[in-house]
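Colleague: Please read through the structure below; I'll follow up with questions.
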Amino acid sequence: MTIVDTPERRQLRELTRAFVTKEVLPYLDDWERAGEVPRSLHETAAKIGLLGIGFPEAVGGSGGDLLDSILVTEEVIRSGGSSGLIAALFTHGIALPHMVASQDDGLIERYVRPTLAGTMIGALAITEPDGGSDVAGIRTCARRDGDHYVVNGSKTYITSGVRSDFVTTAVCTDFPGSGTLSLLVVEKGTPGFTVGRRLEKLGWHCSDTAELSFVDVRVPVANRIGPEDTGFLAIMQQFATERLSLATQAYATAQRCVELATRWCRDRSTFGRPLASRQLVRHRLAEMHTRAEAARAYVHDVAERVAAGEPVVTEVAMAKNVAVAACDFVVDAALQLHGGFGYLRDAEVERHYRDARILGIGGGTTEIMNEIIAKGMGL
Ligand SMILES: Cc1cc2nc3c(=O)[nH]c(=O)nc-3n(C[C@H](O)[C@H](O)[C@H](O)COP(=O)(O)OP(=O)(O)OC[C@H]3O[C@@H](n4cnc5c(N)ncnc54)[C@H](O)[C@@H]3O)c2cc1C
């Protein structure tokens with residue numbers, strides 16, 4: 001099965017492609033060097049309705065569902081964008097859904113609407129220096145003090161953490177490591193909340209990544225998302241969307257690299273003949289194409305089931321691992337087919353090769369996905 005191609009979705013693809021061509025491609029190299037994308041890009045994407053795809057109009061979104069968000073992600077990358085750009089521009093895809101699901105009007109007005117309008121930037125902070133895979137082991141704690149929580153602890157590897165105006169923060173509301181979690185929205189500028197180092201990375205260069213520190217940070221109780229101690233469930237529920245987004249980034253990166261490598265192999269001649277005329281090369285391209293297409297079909301199938309409300313936690317984990325494996329194989333092969341040029345910053349495959357490495361780590365590692373799959377098998 002594949003995502004049904006309606007006239008509206010074709011329009012959405014065209015809108016996305018035009019946005020990337022005009023607003024991204026001329027500047028992406030500069031943003032990679034600068035280590036971040038400009039705030040104005042969020043506003044531009046919001047104005048044409050792209051930023052709010054997948055969020056209801058009632059909270060300031062543009063409507064559409066998970067499948068529409070997937071199409072946007074796919075098209076951004078296939079138009080020459082990158083998974084790093086998706087991470088930077090669409091961080092709200094992980095920062096806002098818990099607030100939307102809570103139906104808390106105060107939080108929706110203060111954070112969801114402005115973010116979907118492109119005037120605010122949000123981040124999601126779960127991972128801590130002591131560990132990311134073990135979400136229940138979170139040690140950043142929030143102690144209740146009247147109408148406030150007092151937060152102490154630290155977070156790391158937080159996407160858009162340098163630029164963000166607020167951070168949806170997972171905190172422990174009992175003793176550290178108790179697994180009793182809540183989500184608090186912490187605003188930049190709150191005394192005791194500091195953004196530390198801008199972290200330097202292998203890939204995703206246009207996406208800023210930060211360390212965050214909380215020392216006696218007073219956060220109003222009104223900034224808690226949902227009832228106390230419901231954070232763990234809320235995080236787990238939203239992981240499905242994040243994992244499918246990462247799976248989409250993986251197969252779309254693979255598809256883009258198949259296109260780039262195919263073009264290259266048609267144009268490049270060695271020993272008097274185009275590379276694409278060699279059986280070894282043709283078969284390599286065929287295998288790359290097959291893996292990318294199989295991953296795309298499976299991710300679409302699982303996404304359709306998630307959108308239909310099916311509880312497919314195991315399948316989401318399998319979709320992420322299938323797509324990441326396809327991507328890893330394809331980016332490596334695509335770079336190799338480009339020869340020395342593939343190793344240069346001038347080559348688009350070089351960026352995809354570096355960017356791809358995070359996809360099997362973020363949103364739950366390949367090993368953690370395998371744990372989920374094993375549990376699903378009854379092991
Ligand atoms: C560029 C980037 C952006 C990120 N953005 C965000 C963000 O916006 N918000 C956020 O909260 N986090 C973010 N992260 C963090 C990311 O989600 C974590 O790095 C990831 O969940 C893994 O956690 P960890 O790094 O602490 O590794 P660990 O949990 O320490 O794991 C280390 C290794 O051990 C393996 N492992 C762990 N447990 C087991 C087990 N039981 N069995 C077998 N193997 C195991 C893991 O698979 C991994 O290979 C980001 C990370 C990066 C690099």
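Colleague: Between SER133 and LEU379, what FRET efficiency follows from the Cβ-Cβ distance if R0 is 25 Å, with the result rounded to 0.05? Write down the numbers at each step before the final one.
Modeller: Values: r = 18 Å, r/R0 = 0.72.
Computed FRET efficiency for SER133 and LEU379: 0.85.
Colleague: On to the next question. Using a simple charge model, +1 on the beta-carbon of Lys and Arg, -1 on the beta-carbon of Asp and Glu, nothing else, what dipole does the chain show about its Cα centre, in debye to the nearest 20? List each step's numbers first, then the result.
Modeller: Values: 40 positive and 48 negative charges, 246 e Å.
The calculated dipole for the chain is roughly 1180 debye.
Colleague: Once phi is turned into ³J(HN,Hα) by the Karplus curve 6.51 cos²θ - 1.76 cosθ + 1.60 with θ = phi - 60°, what whole-Hz value does each residue of segment 33-42 show in order, with x for glycine and proline?
Modeller: 6, 6, x, 6, 9, x, 4, 4, 5, 5
Colleague: Accessible area per residue for the chain in Å², computed with a 1.4 Å probe and the full protein assembly in place, what is it?
Modeller: I get 44 Å² per residue for this part.
Colleague: Which residues in segment 36-57 place their backbone N less than 14 Å from a point set 7 Å from the Cα of GLU23 along the Cα-to-Cβ direction?
Modeller: Only 37-53 fall inside the zone, counting backbone N under 14 Å.
Colleague: So, by mean Cβ neighbours within 10 angstrom, what's the order for 281-291, 147-157 with the highest one leading?
Modeller: Numbers: 281-291: 16.5, 147-157: 19.2.
Descending packing order for the listed peptides: 147-157, 281-291.
Colleague: At THR270 and ILE48, where each label point lies 7 Å from the Cα along Cα→Cβ, what is the point-to-point distance in nanometres?
Modeller: 3.9 nm
Colleague: Could you tell me the calculated FRET efficiency between GLN336 and ASP105, based on Cβ-Cβ distance and R0 = 56 angstrom, to the nearest 0.05? Present the calculation step by step, with values, prior to reporting the outcome.
Modeller: Details: r = 54 Å, r/R0 = 0.96.
The value I calculate is 0.55.
Colleague: Using helices alone, what [θ] at 222 nm do you get for the chain, with -39,500 (n - 2.57) per DSSP H run of 4 or more residues, divided over all residues and rounded to the nearest 500? Don't skip to the end; give the middle numbers.
Modeller: On the way: 13 runs with 174 residues, N = 379.
It lands at -14500 deg cm²/dmol.
Colleague: Next question, about the same structure. Enter the angle in degrees (range 0 to 90, nearest 10) between the Cα long axis of helix 231-267 and the first principal axis of the Cα atoms of the chain, meaning the one along which they spread out most.
Modeller: Approximately 20 degrees, to the nearest ten.
Colleague: With label points built 7 Å along Cα→Cβ from the Cα atoms of ARG33 and ASP145, find their separation and express it in nm.
Modeller: 4.6 nm
Colleague: Spelling out what I want: for every residue of segment 212-219, take phi, set θ = phi - 60°, compute 6.51 cos²θ - 1.76 cosθ + 1.60 (Karplus), and round to whole Hz; glycine and proline get x.
Modeller: My calculation for segment 212-219 gives 10, 10, 10, 10, 6, 7, 8, 10 Hz in order.
Colleague: Next question. To the nearest Å, what is the center-to-center distance of segment 285-324 and segment 13-46, using C-alpha atoms only?
Modeller: Taking the Cα centre of segment 13-46 as reference, the centre of segment 285-324 is 27 Å away.
Colleague: While we're here: For segment 278-379, give the percent of accessible area contributed by carbon and sulfur heavy atoms, probe 1.4 Å, rounded to a whole number. Numbers along the way, then the final one.
Modeller: Numbers: 2900 of 5160 Å².
Whole-percent figure for carbon plus sulfur exposure: 56.
Colleague: If you don't mind, there's one more thing I want to ask. Once a ≥ b ≥ c are taken as the square roots of the eigenvalues of the Cα gyration tensor of segment 28-89, is the result rounded (a/c under 1.5), prolate (a/b larger than b/c) or oblate (a/b not larger than b/c)?
Modeller: Working: a/c = 2.81, a/b = 1.55, b/c = 1.81.
The shape class here is oblate.
Colleague: Next question, about the same structure. For segment 157-303, what is the charge dipole size about the Cα centre, in debye to the nearest 20, if Lys and Arg each add +1 at the Cβ and Asp and Glu each add -1 at the Cβ? Don't skip to the answer; put the middle values down first.
Modeller: Working: 18 positive and 15 negative charges, 243 e Å.
That gives segment 157-303 a dipole magnitude of about 1160 debye.
Colleague: Calculate, for LEU233 and GLU57, the FRET efficiency according to 1/(1 + (r/R0)^6) with r their C-beta to C-beta distance and R0 25 Å; round to the nearest 0.05.
Modeller: Working: r = 27 Å, r/R0 = 1.06.
Efficiency, rounded to the nearest 0.05: 0.40.
Colleague: Is segment 12-52 rounded, prolate or oblate when judged by the Cα gyration tensor, a ≥ b ≥ c being the square roots of its eigenvalues, rounded requiring a/c under 1.5 and prolate requiring a/b larger than b/c?
Modeller: On the way: a/c = 3.00, a/b = 1.53, b/c = 1.96.
Oblate, since a/c reaches 1.5 and b/c is not below a/b.
Colleague: Of the accessible area of segment 89-131, with the probe set at 1.4 angstrom, what percent is carbon plus sulfur?
Modeller: Details: 740 of 1500 Å².
Exposed carbon and sulfur together represent 49 percent of the surface.
Colleague: Sticking with this one: Sort segment 69-131 into rounded, prolate or oblate with this rule: let a ≥ b ≥ c be the square roots of the eigenvalues of the Cα gyration tensor; rounded if a/c is under 1.5, and if a/c is not under 1.5, prolate when a/b is larger than b/c, oblate otherwise.
Modeller: It is oblate, given that a/c is not under 1.5 and a/b is not larger than b/c.
Colleague: For the chain, find the longest principal axis of its Cα atoms and tell me its angle to the long axis of helix 279-307, 0 to 90°, nearest 10.
Modeller: 30 degrees
Colleague: Here's a follow-up. Going down the list LYS155/LYS375; LYS155/LYS320; LYS22/LYS155; LYS22/LYS47; LYS155/LYS201; LYS155/LYS188, which pairs span over 26 Å between their C-alpha atoms?
Modeller: On the way: LYS155/LYS375 28 Å; LYS155/LYS320 24 Å; LYS22/LYS155 36 Å; LYS22/LYS47 14 Å; LYS155/LYS201 17 Å; LYS155/LYS188 14 Å.
Over 26 Å Cα-Cα: LYS155/LYS375; LYS22/LYS155.
Colleague: Would you mind giving the average projected area, over all directions, of the Cα convex hull of segment 321-379 in nm² with one decimal? If you can, show how the numbers build up before the last one.
Modeller: Values: hull surface 17.1 nm².
Its average projected convex-hull area is 4.3 nm².
The values are calculated or read from the model by the stated rules, or taken from the named source; none is laboratory data. Every value quoted in this text rests on a predicted model; they were computed, and no experiment measured them. Positions of Cβ are generated from backbone atoms using ideal geometry, with glycine treated the same way; all protein chains shown enter the neighbour counts. For accessibility, only protein heavy atoms count, side chains too; no ligands or nucleic acids. Shrake-Rupley method; radii C 1.70, N 1.55, O 1.52, S 1.80 Å.
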